[in-house]
Amino acid sequence: MHDDRLKEECGVFGIFNNDSTDSGRIAYYGLFSLQHRGQESCGIAVIDDTIVKQYKDMGLVPEVFNDEILDKLTGKIAIGHVRYSTAGGSIRQNAQPLVSKYLKGALGISHNGNLTNAYELRAKFESEGFIFQTSIDSEVIANIIARQRVTNPSIENAVSEMMNIVKGSYSLVVMSPRKLIGCRDPHGFRPLVLGKTKNSYVFSSETCSLDAVGAKFIRDVEPGEIVVIDDNGVTSIKTHCKKFKPSICIFEYIYFARPDTYIDGISVYEARKNIGRQLAKEHPVQGDIVIGVPDSGIAAAIGYSEESNIPYGIGLVKNKYVGRTFISPTQEKRENGVKVKLNVLKESVKGKKVIMVDDSIVRGTTIKQLVKLLKEAGAKEIHMRVSSPPFMWPCYYGTDIPSTKDLIACKYSVEEITKVSNLDSLGYLSLDKLDIITGSKCNYCDACFSGNYPAEIPDYSNEEEENNEVEIHKSAKFTLC
């Protein structure tokens, strides 16, 4: 069991380096700034003509890499990955990037997202004699690209053919001996940006990592677009663009991305402040202080404070050295885990009516413990405001949202959650107010709140280990945009 927080996607990074051979070290800094997207494993692969060098392991970026390792990761092209396992177990063999050698040379990929037809494709390939070394759907992508490249004139053509076969969410960086490719699925579920530093080009999941490596933001990779970088410059292939209505995951803005990131032209920080302002309008309450649950609740708390004219203050202090995926196998340890990760600043909350803002409530474990800690510290009242609507549906596109049996909002009404959590009041962002996050700038996927899935969802009926999800799949609303 994990603690009561949503788990991140993954983070991908790639560089086509025309300025030096220190590509591995640049990828290291890029991954370090994407650490919030995954803390289970990380890796870097570098290719220099026909020579491929790779290092990956379980753990955080600074734990896995050191100067001795990075000094060896030299070359013109590098890709990197930080991982949280949404598909496949948390073991070293599932760490990325995935690097393979085949008839046409070397191939490396880093993948953020989940394929909804991965089980079907994997079963087909295995019946044809394919051997898989991992249990992740990213290896399905790698096999398809390699297979298609044998009969196609270029790696970018092979990637395009792969996009005709796979379904679901994926932002990819793909490395061949002489090319670096970035692409997003036609729905654009996961972010991917293109940047430039001097004469070199960079792909990343978020703009914050462009800043970390001194790269200038050029633009977002469009949903369905394939961007190819080689010695001739940048080429764009848009044959898969505009097939579907774009559907960026709304939780990128609410929780996943760093606040200093821009996604599809929208500031994550401003989006979260807008949520806080909306919460103050929807759920006003008399209070003495507004606090945010670190880190993703802070910007929304500031917005709530500005709109309500109730002072913002620091009420909870986060231990920065505890990863987001803190493992808590028992209820007692889950409760202790909250204490390890967060501590109350007693001077801020003692004797006060506290308005606490957080991004979400999943199972309800964390909120109960936070309320207990705040009241033990002397808080007079605690009013919870949530930067998202209630979670009612699982996600099939890469977010680790549990099945409905584990979602507290599927078990209890708002009034009941308020009571069982020992809150004085509770208010969620209304589903019809999600537009406040993106305005009219982009469309988004809100399936975890609404059940309206913009792309196909998997049928697990032939997979015993997924039996718990079958009933959810059968009852899910389905909208193909």
If you check Phe203 against the conditions, is it modelled with pLDDT under 95 and either under 29 Å from Arg25 (Cβ atoms) or aromatic (Phe, Trp, Tyr) (or both)? no
Answer residue from segment 36-54, given it is under 19 Å from Tyr84 (Cα atoms) and among the aliphatic types (A, V, I, L, M) and is nearest to the chain's Cα centre (by Cα) among those: Ile44
Counting only residues that are assigned to a loop (DSSP other than H, G, I, E, B) and either surrounded by 14 or more Cβ atoms within 10 Å (Cβ to Cβ) or at pLDDT 90 or above (or both), how many does segment 315-342 have? 7
Search result, residues across segment 361-383 that are among the small types (Gly, Ala, Ser) and modelled with pLDDT under 95: Gly364
Here are Arg83, Arg5, Arg92, Arg25: which of them is modelled with pLDDT under 95, more than 18 Å from the chain's Cα centre (by Cα) and charged (D, E, K, R)? Arg92
The residue from Gly233, Gly188, Gly224, Gly214 that alone is at pLDDT 95 or above and buried (at least 24 other Cβ atoms within 10 Å of the Cβ) is Gly188
Among the residues of segment 191-206, the number that are surrounded by 22 or more Cβ atoms within 10 Å (Cβ to Cβ) and part of a loop (DSSP other than H, G, I, E, B) is 4
Filter result (part of a helix (DSSP H, G or I), of a type in the set (Asp, Glu) and either under 18 Å from Asp295 (Cα atoms) or in contact with a Pro (Cβ under 9 Å, 6 or more places away or on another chain) (or both)) within segment 343-375: none
Would you point out the residue of segment 251-286, among those that are in a loop (DSSP other than H, G, I, E, B) and in the same structural domain as Tyr304 (by TED's automatic domain parsing), that is nearest to Ala447 (Cα to Cα)? His283
Pairs returned, first residue in segment 95-109 that is without any contact (Cβ under 8 Å) to a residue 60 or more places away in the chain and part of a strand (DSSP E or B), second residue that is crowded, with 18+ Cβ neighbours inside 10 Å and among the aromatic types (Phe, Trp, Tyr), beta-carbon separation under 6 angstrom, 6 or more apart or interchain, are none
Any idea how many residues of segment 226-251 are within 17 Å of Phe13 (Cα to Cα) and acidic (Asp, Glu)? 1
Of (1) within 20 Å of Gln39 (Cβ to Cβ); (2) not in a strand (DSSP E or B), Val82 fails just (2)
Sole residue being closer than 30 Å to Ile181 by Cα, modelled with pLDDT of 95 or more and surrounded by 22 or more Cβ atoms within 10 Å (Cβ to Cβ), chosen from Tyr304, Tyr253: Tyr253
From Ser160, Ser209, which residue is more than 23 Å from the chain's Cα centre (by Cα), outside any loop (DSSP other than H, G, I, E, B) and touching a residue at least 24 places away in the same chain (Cβ under 8 Å)? Ser160
Considering only segment 417-427, state which residues are surrounded by 13 or more Cβ atoms within 10 Å (Cβ to Cβ) and either part of a loop (DSSP other than H, G, I, E, B) or without any contact (Cβ under 8 Å) to a residue 60 or more places away in the chain (or both). Ile417, Thr418, Val420, Ser421, Asn422, Leu423, Asp424, Leu426
All-but-one check, Ile289 against (1) among the β-branched types (Val, Ile, Thr); (2) within 27 Å of Ile314 (Cα to Cα); (3) in the same structural domain as Leu192 (by TED's automatic domain parsing), failing number (3)
If you go through segment 147-154 one residue at a time, do you hit one that is charged (D, E, K, R), closer than 16 Å to Phe13 by Cβ and buried (at least 20 other Cβ atoms within 10 Å of the Cβ)? no
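The values are calculated or read from the model by the stated rules, or taken from the named source; none is laboratory data. Just so you know, these numbers come straight off a predicted model, no measurement behind them. In this analysis, Cβ positions are derived from the backbone assuming ideal geometry, glycine residues included, and neighbour counts consider all displayed protein chains.
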